[in-house]
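Asks: Take a look at this one; I'll ask things after.
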Amino acid sequence: MTRNLRADIDLVAEASIAALRAPSILNTQPWRWRLAGDHAELWADRSRQLAGIDPDGRLLLLSCGTALHHASAALHAAGYDADAQRLPDPDRPDLVARVRGGAPRPDAVRAADERLAAAIEQRHTDRRPFGDERPAAAVLDALRAAAQRHRVHLQVVRDEQLTAFAAAVAHAGAVEQADPRFRADLLAWTARPGAEGIAAKHVVAADRRTVAPRDFTVVGGLEPGPGSDRGTVYALLVTDGDEPRDWLAAGEALSDVWLTLTAHGLVASPISEVVEVAAVRHALRGLLGGVGNPAIALRVGVPVTDEAPPASGRRSASATITAG
Ligand SMILES: Cc1cc2nc3c(=O)[nH]c(=O)nc-3n(C[C@H](O)[C@H](O)[C@H](O)COP(=O)(O)O)c2cc1C
């Protein structure tokens, strides 16, 4: 049965609303949606780009990619493919995507689509220490497959690479704390009023960590809980190219991986310092044997409590979505 225009408009409007919950660098939410009849346009909002941390706009496009994938997951759960044209206009590079509802999804994938979309509301960045137990190998395979859907490779950091990875994260953190441009971004987007940025209640002290969490320049107000963090797995999302198109795909993969692990009862937090500092990003390539481009890292673990960390704020639909 064909949908009418009204149904198409409702579909993309609901998808863009679902995408408000997407994760973004320092919770900058650097996107705008424009509803245009049967499709929606996703635009990068350069006024929210981080001048010190993200001068090339890598993490801005990664963040837009998470929004695009959240919208796609919502379309899937509504029963339709997501028909997306990515970076469709070379003269307008900030037009990230045009998305519309596509063909009906097969019945066989309905339950999986619904589980993934349900994870949009359950997902949070969890910066607390995770449990002793390692995530199951079968779930890690599901995460690899989720990344691969976007032609992005998920590489789990092997035990013998962990010391080098932890040193890379620590070095990147030290470089950022010593650089006034990085610090200015962190200060601007931490503990700011309104429904954006990082609040102290989302930040946790750095105890019990093999890999140091980001220093957000505020005293952490989140109770770390009893986790040892010993079972935590570190993974890198790796792209073949290193262009805006690849950063966007990495963001879609990040969202798909994160929603998938959430649907499996796992928790995660990204580690992007290692790609923010160019020298560390290049050093990480060495860890990968010189093949591929690390787009972002992620720690994944088994939660030690049913209590989710407090939800982070979001800009309103009226501030981010326009019609016509
Ligand atoms: C591209 C990107 C990079 C991020 N980098 C980090 C990071 O280095 N450290 C961290 O603790 N969280 C990081 N985050 C998580 C964001 O801070 C988080 O998504 C945002 O504050 C919204 O919170 P929520 O994920 O709980 O909804 C990153 C998220 C994205 C999408």
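Asks: List the trypsin sites (Lys or Arg not before Pro) within the range 112-172 that DSSP assigns to loop and that have no more than 10 neighbouring Cβ atoms inside 10 Å.
Replies: Arg158
Asks: Moving on to the next point. Give the residue from Pro193, Ala206, Ala164 lying farthest towards the positive end of the charge dipole for the chain; charges sit on Cβ (+1 for Lys and Arg, -1 for Asp and Glu) and the dipole is referred to the Cα centre.
Replies: Farthest towards the positive pole: Pro193.
Asks: Something else: When all C-alpha to C-alpha distances in the range 137-301 are sorted into bins of 5 Å, what percent of pairs does each bin hold, rounded to whole numbers?
Replies: Histogramming the range 137-301 at 5 Å steps yields 2, 8, 16, 20, 21, 19, 11, 3, 0 percent.
Asks: Quick one: compute the contact order of the chain, relative version, from alpha carbon pairs under 8 angstrom and 6+ residues apart, as a percent.
Replies: Reported relative contact order: 25 percent.
Asks: Using DSSP to call loops (not H, G, I, E or B), can you name the trypsin sites (Lys or Arg not before Pro) in the range 175-264 whose Cβ has at most 13 other Cβ atoms within 10 angstrom?
Replies: Nothing satisfies the criteria.
Asks: Turning to a different aspect of this structure: Listed highest first by mean packing, meaning other Cβ atoms within 10 Å per residue, what order do 162-174, 79-91 come in?
Replies: Ranking the peptides 162-174, 79-91 by packing returns 162-174, 79-91.
Asks: Leaving out ligands and nucleic acids, and using a 1.4 Å probe, what accessible area per residue does the chain come to in Å²?
Replies: On a per-residue basis, 43 Å².
Asks: log₁₀ I(q)/I(0) of the chain at q = 0.07, 0.11, 0.13 Å⁻¹, via Debye over equal Cα point scatterers, no solvent, to two decimals?
Replies: Per q value, in the given order, log10 I(q)/I(0) is -0.26, -0.66, -0.94.
Asks: Also, I was wondering about something else. Using a probe of 1.4 angstrom, how much of the accessible area of the chain is carbon and sulfur, in percent?
Replies: Carbon and sulfur together cover 53 percent of it.
Asks: Considering the dipole of the chain built from charges on the beta carbon (Lys and Arg +1, Asp and Glu -1) around the Cα centre, which of Ala103, Ala15, Gly251 is farthest to its positive end?
Replies: Ala15
Asks: Right, next: For the range 184-212 and the range 120-172, compute the distance between their C-alpha centroids and round to whole Å.
Replies: Spelled out, the Cα-based centre of one part sits 20 Å from the other.
Asks: Taking the Cα centre of the range 137-301 as the origin, how large is its charge dipole in debye, to the nearest 20, when only Lys and Arg (+1) and Asp and Glu (-1) carry charge on their Cβ atoms?
Replies: Around 160 debye, computed over the range 137-301.
Asks: List the pair-distance distribution P(r) of the range 247-304, using every Cα-Cα distance, as the percent of pairs falling in each 5 Å bin from 0 up to the bin containing the longest distance, rounded to whole percents.
Replies: 5, 17, 23, 22, 17, 11, 4, 0
Asks: If you take the C-alpha gyration tensor of the range 67-180, multiply each eigenvalue by 5 and take the square root, what semi-axes do you get, largest first, in whole Å?
Replies: Each semi-axis is the square root of five times an eigenvalue, giving 33, 23, 14 Å.
Asks: Note down the relative contact order for the range 143-234 as a percent, whole number, built from C-alpha pairs under 8 angstrom at least six residues apart.
Replies: Rounded, it is 24 percent for the range 143-234.
The values are calculated or read from the model by the stated rules, or taken from the named source; none is laboratory data. On a predicted model such as this, the values are computed, not experimentally measured, just so you know. Don't worry about glycine lacking a Cβ; one is built from the backbone with ideal geometry, like all the others, and counts go over all protein chains shown. Protein only, heavy atoms only, side chains kept; ligands, DNA and RNA dropped before computing areas. Shrake-Rupley method; radii C 1.70, N 1.55, O 1.52, S 1.80 Å.
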